[in-house]
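The values are calculated or read from the model by the stated rules, or taken from the named source; none is laboratory data. From a predicted model like this one, the values you see are computed outputs, not experimental measurements. Note that each Cβ is placed from the backbone with ideal geometry, even for glycine, and that neighbours are counted across all protein chains shown.
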Amino acid sequence: MKVLYVLPPDGSTLEVDESRPSIFTVAALLSRQGIEVSMLLPTGMSAPEASGIRLYRWPPVFPAEVLRQVLRETRPTAVHVENCPWVVPALRQTYQGYVLLHLQSLRPLSQDFISRRDLRLSLCLVDQVVVNSFFLKNIFIGKFYGLRLRVNVVYPGVDGAVFFPAHGDRGLMRERQKQRLLWDVEPDEKVLLLAHTPHDPKGLELLQKCPLDTELSRAKLLAVSAPLEPKIYRAADMFLYPTQDRAAAGHDCLPAMATALPVVASLRGSVPEVVGPQAGHFIRQFADAKAWANGLLALISNSMLQKTMAQAGLLRSRTFTWERTAWDFVALYSRGHLSLG
């Protein structure tokens, strides 16, 4: 099997960490399993460290000739297009094999990136579309019902060898205490990581207005944005995800769950789907600061519930591995491999 990964020419629609997309992790895993992997990357993007991956670069201006040249050299059995549907028509002018379009979100489908007419053409030219949750799948089907049989769900993973709890490890516990000293955390204070993203600032603004009573005054809110180092999660006591985004990505909570942090999150997007009812405390009135204050108070005042949620989140996070993600993609690529065979 030979797989070519095509990333956006300018990197404009890559999600979360544009310098190192999660698809690098999948490509590296497949390369180590003997699958021939090639990648067409934006100019200036750092290359994956895994050996055995052939790297190509888009020029500053998108020319179809570069794409044709890469296809001739790699001769892939499957082409994985990452978050850039507008590349598909140019790809189909040369390549008649299996094409998979992976959408990390539905943002690349907006008219800011592609016209409605070109989008419909691009979607009709792909063999399969992959999204990262059943929530996004349902939204996609609502917009493009005729393509409902081509839509698949592949969940992103979390690296359990990187994100894991500090408890039980003296060295990590010392690191935790050192980080908390840097934050000026008192011994009886709870550290609440407040996650936010640049395109969703309303959640941060909401929590900063959260009314604090006596119990909540012993909590320290720390606003953070992904990606975070594991030691930041290990030094905290709780993870808050007050997103106001209708299509919020639940997998943003996975590193916190893997480090055994209770999750308090808005009931939005795929958050409840990924986090699960045992590991998360979901705020139904997600735009109400008082509802958040009541939810946090109920959790902070109940240490047994915190431990139960932390353990449930840790166990659930172990089902979201990058190995599982990689082999779910391989199962889809194999359809193109078998058709050629």
Can you find, within the stretch 230-283, the residue that is nearest to Thr325 (Cα to Cα) among those that are hydroxyl-bearing (Ser, Thr, Tyr) and part of a loop (DSSP other than H, G, I, E, B)?
Ser270
Ala226 being surrounded by fewer than 15 Cβ atoms within 10 Å (Cβ to Cβ), within 15 Å of the chain's Cα centre (by Cα), assigned to a loop (DSSP other than H, G, I, E, B) and in the same structural domain as His281 (by TED's automatic domain parsing):
yes
In the stretch 284-298, how many are assigned to a loop (DSSP other than H, G, I, E, B) and over 25 Å from Val131 (Cα atoms)?
3
If you go through the stretch 207-218 one residue at a time, do you hit one that is of a type in the set (Gly, Ala, Ser), assigned by TED's automatic domain parsing to the domain that holds Ala247 and surrounded by 13 or more Cβ atoms within 10 Å (Cβ to Cβ)?
no
Matching residues, the stretch 224-258, being of a type in the set (D, E, K, R) and closer than 22 Å to Lys307 by Cβ:
Lys231, Arg234, Asp237
Tell me, which residue of the stretch 109-161 that is among the acidic types (Asp, Glu) and in a loop (DSSP other than H, G, I, E, B) is modelled with the lowest pLDDT?
Asp112
Which condition from (1) in contact with a strand residue (DSSP E or B) (Cβ under 9 Å, 6 or more places away or on another chain); (2) part of a loop (DSSP other than H, G, I, E, B); (3) modelled with pLDDT of 95 or more is the one that Val185 breaks?
(3)
Qualifying residues in the stretch 129-143 (those that are over 18 Å from Cys84 (Cβ atoms) and aromatic (Phe, Trp, Tyr)) - the one surrounded by the most Cβ atoms within 10 Å (Cβ to Cβ)
Phe135
Here is a list: Ala287, Ala249, Ala279. Which entry is surrounded by 24 or more Cβ atoms within 10 Å (Cβ to Cβ), modelled with pLDDT under 95 and either outside the structural domain of Lys202 (by TED's automatic domain parsing) or closer than 15 Å to Gly203 by Cα (or both)?
Ala249
Here the residues within the stretch 311-327 that are in a helix (DSSP H, G or I) and touching a helix residue (DSSP H, G or I) at 6+ places or on another chain (Cβ under 8 Å) are Gly313, Leu314, Arg316, Ser317, Trp322, Glu323, Thr325, Ala326
Can we say Val66 is over 24 Å from Gly269 (Cα atoms), surrounded by fewer than 19 Cβ atoms within 10 Å (Cβ to Cβ), β-branched (Val, Ile, Thr) and at pLDDT below 95?
yes
Filter the stretch 205-221 for residues that are modelled with pLDDT of 75 or more, over 12 Å from Phe286 (Cα atoms) and not in a strand (DSSP E or B); which is farthest from the chain's Cα centre (by Cα)?
Arg218
Members of the stretch 139-155 that are out of contact with any Phe, Trp or Tyr (no Cβ under 7 Å at 6 or more places or on another chain) and either of a type outside the set (Phe, Trp, Tyr) or on the phi > 0 side of the Ramachandran plot (or both)
Ile139, Ile141, Gly142, Lys143, Gly146, Leu147, Arg148, Leu149, Arg150, Asn152
Within the stretch 69-89, which residues are surrounded by fewer than 17 Cβ atoms within 10 Å (Cβ to Cβ) and touching a helix residue (DSSP H, G or I) at 6+ places or on another chain (Cβ under 9 Å)?
Pro89
